[in-house]
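Everything on this sheet refers to the single structure shown next.
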Amino acid sequence: MRKNIVAGNWKMNKKFDEADELVDSIMTKLEETKLGDNTLMIICPPFPYLEMCSDYSNDSYFEVGAQNVNDNEKGAYTGEVSAEMLESMDIPYCIVGHSERRAYYGETDATVARKVDQLLQHDIKPIVCCGEVLEEREAGKQFDVVKRQITDGLFHLSAEQFANVIIAYEPVWAIGTGKTATPQQAQEIHAYIRGLIAEKYGKAVADETSILYGGSCKPSNAKELFANPDVDGGLIGGASLQADDFINIALAF
Ligand code: 13P
């Protein structure tokens, strides 16, 4: 059975002591309130806090993920972080192709494909983001956009490799805007994505792939979003910066 996943993307937020306090508070709450057996929590802090979060995650209440990785193996890429480095720190997950990386750092589907390859070569599971911008949604092009992103970013993988991939559908118009996709909109596109995976890799692989929703997901709307058969959890931005909100989202399954 595929996992229910709630992943927190902290983006570029929190000073070190605030980050430490947040994880500590999440840990304390998780000790009091057990998540469902099939629920996996992943915390994706900024790079400098990975080790601190990893130390907390040793108690196995949650897993840790990076927010980005470079698409080269190693070498003269000042300021960048490689999959090999993440692997050497036992970081099991990494977000790839977030719309903010695509919009501000020129990442393309080809970049995403190379990053995914780097991660898989180093036994790190990619959380691959896709999703349309508002103009594309208004023009009814969301299915075409997502199909291109998934096909060009992921469909070069073998079925065996693809089994390690988590997908996050994040409509860009819903990110940080307070405007959430309706449960129907989320279900419709998640089912479409699962259909694409089934066409390419077969139903068994598609059925095992966790597809997360991201974009203004909060405790107040998580339940109705996660109740959909093809919505397997969330990639949470703003609400993952508050321990109570994040835990309550994880309890919404
Ligand atoms: P918000 O939850 O703040 O809308 O962000 C979603 C997101 O981009 C997670 O990656």
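No value in this document is a laboratory result; all are computed from the given coordinates. Being a predicted model, the structure only gives us computed values, none of them experimental. Note that each Cβ is placed from the backbone with ideal geometry, even for glycine, and that neighbours are counted across all protein chains shown.
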- Would you please name the chymotrypsin sites (Phe, Trp or Tyr not before Pro) within region 82-159 that are DSSP coil residues with at most 13 other C-beta atoms within 10 Å of their C-beta? Y105
- Message: Taking amide H atoms as placed 1.01 Å from N in the peptide plane, list the residues 5 or more away in sequence, or in a different chain, whose amide H sits under 5 Å from that of G233.
- Response: I5, Y213
- Message: Quick check on the exposure proxy: order D207, D117 from fewest to most C-beta atoms within 10 angstrom.
- Response: D207, D117
- Note on the structure: Of all C-alpha pairs within region 84-192, those more than 19 angstrom apart amount in percent to 45 percent
- Largest first and to the nearest Å, give the Cα extent of region 119-253 along each principal axis. 38, 36, 25
- Percentage of Cα-Cα pair distances in the chain greater than 23 Å, rounded to whole percent? 46 percent
- Task: Give the distance, in whole Å, between the Cα centre of region 176-253 and the Cα centre of region 28-56.
- Result: 19 Å
- Item | Links that overshoot a 30 Å alpha carbon limit, given the list K34/K115; K147/K218; K115/K223; K29/K203; K11/K34 | K34/K115; K115/K223; K29/K203
- Which listed residue (T28, S54, T78) has the Cα farthest towards the positive end of the charge dipole for region 7-87, taking +1 on Lys and Arg C-beta and -1 on Asp and Glu C-beta about the Cα centre? T78
- Query: Placing +1 at every Lys and Arg Cβ and -1 at every Asp and Glu Cβ, with all other atoms neutral, what dipole size does the chain have around its Cα centre, in debye to the nearest 20?
  - Reply: 720 debye
- Whole-percent tail of the Cα-Cα distance distribution for region 80-146, cut at 20 Å, equals 35 percent
- Item | Gap separating the Cα centres of region 74-149 and region 159-174, nearest whole Å | 10 Å
- Give a residue-ordered list of calculated ³J(HN,Hα) values for region 184-198 (Karplus: 6.51 cos²θ - 1.76 cosθ + 1.60, θ = phi - 60°; whole Hz; x for Gly, Pro). 5, 4, 5, 4, 4, 7, 5, 5, 5, 4, 4, x, 4, 5, 5
- Message: Can you work out the Karplus-derived ³J(HN,Hα) for every residue in region 152-162? Use 6.51 cos²θ - 1.76 cosθ + 1.60 with θ = phi - 60°, whole Hz, and x for glycine or proline.
- Response: 6, x, 10, 7, 7, 6, 6, 4, 5, 5, 4
- Note on the structure: Ranked from fewest to most other Cβ atoms within 10 Å of their own Cβ, S99, S158, S60, S54 fall in the order S60, S158, S54, S99
- Task: Per residue of region 177-182, in order, report the coupling 6.51 cos²θ - 1.76 cosθ + 1.60 (Karplus, θ = phi - 60°) as ³J(HN,Hα) in whole Hz, putting x for Gly and Pro.
- Result: 9, x, 9, 9, 5, 5
- MRE, 222 nm, helices only [DSSP H, n ≥ 4, -39500 (n - 2.57), over the chain, to nearest 500]: -13000 deg cm²/dmol
- Check E132: other-chain or 5+ apart residues with amide H under 5 Å from its amide H, H built from backbone geometry? V172
- Out of residues 5 or more away from G8 or on other chains, whose amide H comes under 5 Å of its own, with H placed 1.01 Å from N in the peptide plane? I42, I43, C44, I236
